[in-house]
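Chemist: This structure is in structure tokens; I'll ask about it shortly.
The values are calculated or read from the model by the stated rules, or taken from the named source; none is laboratory data. Worth saying up front: this structure is predicted, and the values here are computed from it rather than measured. Neighbour counts run over all protein chains shown; Cβ positions are idealised from the backbone, glycine included.
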Amino acid sequence: MTFLIFNFPSPSPLGTSFIKLIEGEEGHFLLKEFPDKETYLRLQSSPKGRHIIINASLFHPNIKIVNLIFLADTLRHQGGEQIGLLTPYLPYMRQDKVFQTGEALTSAIFAKLLSNHFDYLVTIDPHLHRYASLNEIYSIPTKVIHAAPLLSTWIQENVSNPFIIGPDQESAQWVKAVAGNHPFIVLNKIRHPEGHVDISWPKDVDIKNKTPILVDDIISSGGTMIQALHYLKQLGTNPPLCLAIHPLFAGNAYRDILKAGAEKVITCNTLPHPTNQIDVAPLLVEGLLNVT
Ligand code: R5P
């Protein structure tokens, strides 16, 4: 059966190439705002009896989540048989613990919300730190796709003498896979409650004549990359590269990372950004065909 695929909130280059690769049919809907900022939504493609995929870009989730749920429920009410959510970047995964009394466990609340409206979820490298798997908070089937092989191939094809650096213990789970046969190291990071980051560098690591490549799942404020770049500057290494899967780049993060000494920043197109060089569309297709 051909998937009927809705790109949400609007068409994107990744969405277009995903639909083409999976040979799906693009679904259309009209989304407007009333003067009082409430939503008007009308389907322009019939979902009756169809297997639906909503390919959602959920960066800046708060302004999108209500409309996403309106779309999913409208598709179901009008006869959609299966409603799958494909979100290359899954937000709200980093608040995976109540760190201070009274905090909301937003990862779990967000998971419950999505689980109530979708039949399954496919995503790329969600931030799994204190949760071992998405099943701890999502009650629907989930499929996690890993971008490490794509990062590894990019390094293989573009850097002759790489030294892979994971900026914190959380990165240990995939830095080894990214590095392949190349040397790698995982650093220790402490994030202070006000957001400032400290990274410690082991003494006996020799990266002379190599190209340091900092690899992280997410770049948000850029604080993690910037601290690691400061250490590399002190060590006098070759100009470093930064590689990331999800380029959130809050505020001036991208500019600040370049200012801190990154020669280049390379990212996957899980979110659109000028640094996108690694296309995840083939991975999305593979992931979807494995969950459905
Ligand atoms: C969390 O520990 C993640 O793996 C990233 O290191 C983190 O989200 C990066 O955030 P920021 O760019 O704000 O330091």
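Chemist: State which residue pairs qualify: first residue within 16 Å of the ligand (Cβ to nearest atom) and inside segment 117-143, second residue of a type in the set (G, A, S) in any location, beta carbons under 7 Å apart, and separation of 6 or more residues or different chains.
Modeler: Taking only residues 6 or more apart or on different chains, the pairs are I124/A147; D125/A147.
Chemist: If you check Q169, Q78, which single one turns out to be surrounded by fewer than 22 Cβ atoms within 10 Å (Cβ to Cβ), modelled with pLDDT under 95 and not hydrophobic (A, V, I, L, M, F, W, C)?
Modeler: After applying the criteria, what remains is Q169.
Chemist: Let me ask something additional. Quick check on my filter: what residues within segment 51-96 are aliphatic (A, V, I, L, M) and in a loop (DSSP other than H, G, I, E, B)?
Modeler: L58, L90, M93
Chemist: Within the group G261, G251, which residue is modelled with pLDDT of 95 or more, in contact with a helix residue (DSSP H, G or I) (Cβ under 6 Å, 6 or more places away or on another chain), farther than 22 Å from E157 by Cβ and not in a helix (DSSP H, G or I)?
Modeler: That would be G261, the only listed residue that is modelled with pLDDT of 95 or more, in contact with a helix residue (DSSP H, G or I) (Cβ under 6 Å, 6 or more places away or on another chain), farther than 22 Å from E157 by Cβ and not in a helix (DSSP H, G or I).
Chemist: Next question, about the same structure. Please find, among E38, E33, the residue that is touching a Phe, Trp or Tyr at 6+ places or on another chain (Cβ under 8 Å) and of a type in the set (D, E, K, R).
Modeler: None of the other options fit; the residue is E33.
Chemist: Separate question: Which members of segment 239-276 meet the condition of being surrounded by fewer than 18 Cβ atoms within 10 Å (Cβ to Cβ), hydrophobic (A, V, I, L, M, F, W, C) and more than 22 Å from L128 (Cβ to Cβ)?
Modeler: Once the filter is applied, which keeps residues that are surrounded by fewer than 18 Cβ atoms within 10 Å (Cβ to Cβ), hydrophobic (A, V, I, L, M, F, W, C) and more than 22 Å from L128 (Cβ to Cβ), segment 239-276 yields only L258.
Chemist: Give segment 120-166 a look and list any residue that's of a type in the set (S, T, Y), surrounded by fewer than 19 Cβ atoms within 10 Å (Cβ to Cβ) and over 25 Å from P202 (Cα atoms), or say none.
Modeler: Across segment 120-166, the qualifying residues are Y131, S133, S139, T153.
Chemist: Give segment 144-170 a look and list any residue that's out of contact with any Leu (no Cβ under 6 Å at 6 or more places or on another chain), part of a loop (DSSP other than H, G, I, E, B) and within 14 Å of the ligand (Cβ to nearest atom), or say none.
Modeler: Of everything in segment 144-170, those that are out of contact with any Leu (no Cβ under 6 Å at 6 or more places or on another chain), part of a loop (DSSP other than H, G, I, E, B) and within 14 Å of the ligand (Cβ to nearest atom) turn out to be A147, D168.
Chemist: Related question: Taking G102 as meeting all but one of (1) crowded, with 17+ Cβ neighbours inside 10 Å; (2) part of a loop (DSSP other than H, G, I, E, B), write down the number of the exception.
Modeler: Of (1) crowded, with 17+ Cβ neighbours inside 10 Å; (2) part of a loop (DSSP other than H, G, I, E, B), only one is false for G102: (1).
Chemist: Within segment 208-215, can one find any residue that is under 20 Å from L248 (Cβ atoms), within 12 Å of the ligand (Cβ to nearest atom) and not small (G, A, S)?
Modeler: yes
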